[in-house]
Amino acid sequence: MLRTSVPELPSVVLGGSCSFRFTSELEDLLQSSDDLVHKLDLQEVDDLVGGLQKEQATAPLPKVKWKKRDSDGNVIRVPHSRRSQSNQASCSQKSNPPVNVPDTSSEVVFAPEAIEGFLQDLQLSLCDATGDEMEAPTPRPLVASSNWSTRKTIFSESWRAARPQLVNTAVARENVEAHMCQQCSSNSAVVRCRDCRPRPFFCADCDVSMHTRHPLHNRDGSTSGFFQPFPPTTYVLNRALIPCMRYVPVEIPEKICGCPTDSLRIKPGKSVAVITMNGRHELSMPELACSACKATWTAGVEEVLRCDYWPATLHFATIYETDVFFSFEELKMAAPGLSCQAFLKMLDQRTVRFGRTGKISGDSFLKSFFEWEAVRYELDSLCKEEPFTCRACSPDMLAVSVDGNRKHYRFKNAARSEEQAIFNDVFIAKDEDVTRFVNHVHSTTKHVSGRGVCGGEWSAARETSQKSASKLDEEGLELAVCRHGVLLCALNMYRGEIFAYPLFLQEKLASSSPTFFCMDLACKYWPYLQKIIKS
C-alpha cells in the first residue's frame with residue numbers, strides 16, 4: 001500500500017513582501033488523496049497495464065502506401081512482380097522488433113531509377129545470402145509497366161534497339177555467295193525455293209527433279225548476281241534461264257487401256273491459268289497417250305474438282321484453287337465493304353512479286369465464286385444444315401429485331417440479267433411473295449392515311465406510301481436479326497418502310513416463336529397490328 005506523509009512546510013517568502021503558510025484546507029486535500037490510493041487494488045492496475053502492452057505488441061503495423069511518380073507528377077502503378085517482391089521482403093522482416101512507422105497518410109515518392117536500383121540491390125543481396133557466385137551483374141530486362149504509355153515506350157525501344165541487327169540479317173539473306181545444294185550436297189546451288197523449307201537451296205538438276213512435281217512453288221534464281229524470281233515454266237541451265245513446260249498438279253491414272261504401262265506417254269495439253277493465293281500461274285494440263293493403241297486421256301472437270309480446284313467454265317481455261325474462294329469468303333465476312341476488285345488486285349500484285357505475269361478476270365472470278373457457293377449450299381442441304389439460323393436462340397427464340405437499311409438500293413437503269421437467281425428465296429424473300437402479301441393486307445384492311453410519326457420528330461413507315469417515283473427501283477432492304485446479331489431473313493423494299501414489310505417478316509419467323517418483336521417504330525406498329533388482327 002502507498003502512504004504519503006506531508007511534513008510541515010516552512011513559510012515561503014516571495015519578494016520579501018508577500019508570504020503564506022499551508023492551511024488546513026490543503027492538508028485536508030492531501031489526506032483525501034491518500035485515502036483514495038489506499039482504496040485502489042494495485043493488482044487490477046497491473047493487469048490493466050499488462051493487457052494494454054500485450055495488445056500494442058500484437059497489433060498489426062500500419063501499412064505504408066508507396067507511390068511512384070513520373071517527371072510530370074503522375075502516379076505510376078507498381079507492377080505485380082514488384083509488389084510480390086516487396087511483399088516477400090516484408091514477410092522476411094516480421095521477426096524484427098517493431099519500429100516507428102511514418103504516418104500512413106504521408107506519401108513517399110521515389111524516382112523510377114531508384115526503384116530499379118533497389119530491385120537490383122535486393123537481387124544481389126539475395127544471391128549473396130544463398131552463396132551464389134556472380135562474376136558480373138547481368139542487366140535485368142525491363143519489367144513491363146501497368147501504364148500503357150510506358151509499355152508502348154519499352155516495346156518501341158526494344159524494336160529500335162534490335163533494328164540494326166534485323167537490317168544486317170535481311171541484307172545477309174540476299175547474299176548470293178556460294179551455297180551447296182542441300183539435296184545432293186555435291187553441286188553448287190543456283191536456285192532458292194521459298195516453299196522448300198528448311199532446305200531451300202537446289203542445284204540445277206535437283207531443281208528440275210523437285211519442281212517438276214511441285215510447279216506452284218515460288219523460286220528465285222541467282223544467275224544475275226542477285227536473287228531474282230522467275231516463273232515455274234523456267235529452269236536454270238549453264239547459269240541461264242531456259243523456258244520449259246510444267247503441268248498442272250492433278251491426279252493422273254495409272255492405266256487408260258489394256259496395254260502395258262510402259263507404253264503410256266505424258267504430253268502437254270491445253271494451256272491453263274491456275275489461280276492461287278500467290279497469284280496467277282501459266283501451266284499446261286497433262287495428257288496421256290498410249291503409243292500402242294493410240295488411246296488418250298485428258299483431265300476433265302471431275303479430275304479438277306478431286307484435286308481441290310474449281311473451273312471458271314465447264315470448258316475451262318482457268319481454274320481456281322478453292323483456298324482462294326475460302327479466303328475471299330472469310331474476308332467478306334470480316335470486312336463486308338471489301339470489294340472483289342481490291343481482292344483480285346492483291347492477287348495480281350503477288351503475281352508480279354513472284355516473277356509471273358497476267359491478270360485475273362473479275363467477272364469470271366465472281367461467277368465461279370457464286371457457283372462454288374451454290375454447290376456448297378446444296379451440300380449443306382443434303383446434310384440438313386439450315387442457313388441463317390442462330391444456334392444460341394434454338395429452339396425458342398427470345399427476341400427478333402427488324403429494321404430497314406436504305407443503303408442497299410438499286411437504280412432503275414442498272415443492267416439486269418434474265419438468268420434465274422442462284423440463291424432464290426434463301427435469305428431475301430421473293431419479290432412476288434412480298435408484293436402479293438402487301439396487296440392482300442391493303443385490300444382486306446382499312447388504313448388511316450398520313451405519316452407514321454414517332455415522338456413527333458422522326459417520320460417513317462408510311463403505310464400509304466406508293467412505289468418510289470425517283471430513279472431508284474429497289475429502295476433498300478428490310479432485315480430481321482436475332483439478339484445475337486445473326487441475320488435471319490430479309491426482303492427488298494419498293495415502297496419505303498411500310499408496316500406491311502415487318503409484318504411479312506414476323507409471319508415468316510412465326511415458326512421460331514420469338515417472345516419479343518422489336519423495331520424502332522413499335523409504338524406505331526402495335527396499334528397497326530391490333531387493327532390487322534381485328535380485320
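Structure notes:
- Scanning segment 202-231 for residues that are farther than 21 Å from Thr276 by Cα and among the hydrophobic types (A, V, I, L, M, F, W, C) gives Phe202, Cys203, Ala204, Cys206, Val208, Phe226, Phe227.
- Taking strands (runs of 3 or more DSSP E) as the structural unit, those lying wholly within segment 195-309 and holding at least 2 residues that are within 30 Å of Arg376 (Cβ to Cβ) and more than 39 Å from the chain's Cα centre (by Cα) correspond to 264-276, 279-290, 296-298.
- Filter result for Lys359 (farther than 30 Å from Pro514 by Cα and surrounded by fewer than 17 Cβ atoms within 10 Å (Cβ to Cβ)): yes
- Here the condition is being closer than 21 Å to Ile428 by Cβ, more than 29 Å from the chain's Cα centre (by Cα) and of a type in the set (S, T, N, Q); of Ser361, Ser381, Ser339, Ser368, it holds for Ser381 alone.
- Within segment 165-193, the set of residues being in contact with a strand residue (DSSP E or B) (Cβ under 7 Å, 6 or more places away or on another chain) and either among the hydrophobic types (A, V, I, L, M, F, W, C) or at pLDDT 90 or above (or both) comprises Ala178, Met180, Cys181, Gln182, Gln183, Ser188, Ala189, Val190, Val191, Arg192, Cys193.
- Complete set of residues in segment 310-337 that are assigned to a loop (DSSP other than H, G, I, E, B) and either among the aromatic types (Phe, Trp, Tyr) or surrounded by 14 or more Cβ atoms within 10 Å (Cβ to Cβ) (or both): Ala312, Phe316
- Check on Leu344, free of Cβ contacts under 8 Å to residues at least 12 places away in the same chain and in a helix (DSSP H, G or I): no
- The residue that is modelled with the lowest pLDDT, among those in segment 399-424 that are out of contact with any helix residue (DSSP H, G or I) (no Cβ under 8 Å at 6 or more places or on another chain), of a type in the set (A, V, I, L, M, F, W, C) and over 24 Å from Glu497 (Cα atoms), is Ala415.
Each row is one residue, and each column tells you yes or no for (1) assigned to a loop (DSSP other than H, G, I, E, B); (2) at pLDDT 85 or above; (3) not basic (Lys, Arg).
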{"site": "Val448", "(1), (2), (3)": "yes, no, yes"}
{"site": "Ala480", "(1), (2), (3)": "no, yes, yes"}
{"site": "Gly485", "(1), (2), (3)": "yes, yes, yes"}
{"site": "Leu488", "(1), (2), (3)": "no, yes, yes"}
{"site": "Asn492", "(1), (2), (3)": "no, yes, yes"}
{"site": "Arg495", "(1), (2), (3)": "yes, no, no"}
{"site": "Gln506", "(1), (2), (3)": "no, yes, yes"}
{"site": "Tyr528", "(1), (2), (3)": "no, no, yes"}
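- Where a residue in segment 219-233 is on the phi > 0 side of the Ramachandran plot and at pLDDT below 95 and its partner, wherever it lies, is part of a loop (DSSP other than H, G, I, E, B) and of a type outside the set (Lys, Arg), with Cβ under 8 Å and at least six apart: Gly225/Val176
The values are calculated or read from the model by the stated rules, or taken from the named source; none is laboratory data. Quick caveat: nothing in here was measured; it's all calculated off a predicted structure. A quick note on method: Cβ atoms are made from the backbone with ideal geometry, for glycine too, and the neighbour counts reach across all protein chains shown.
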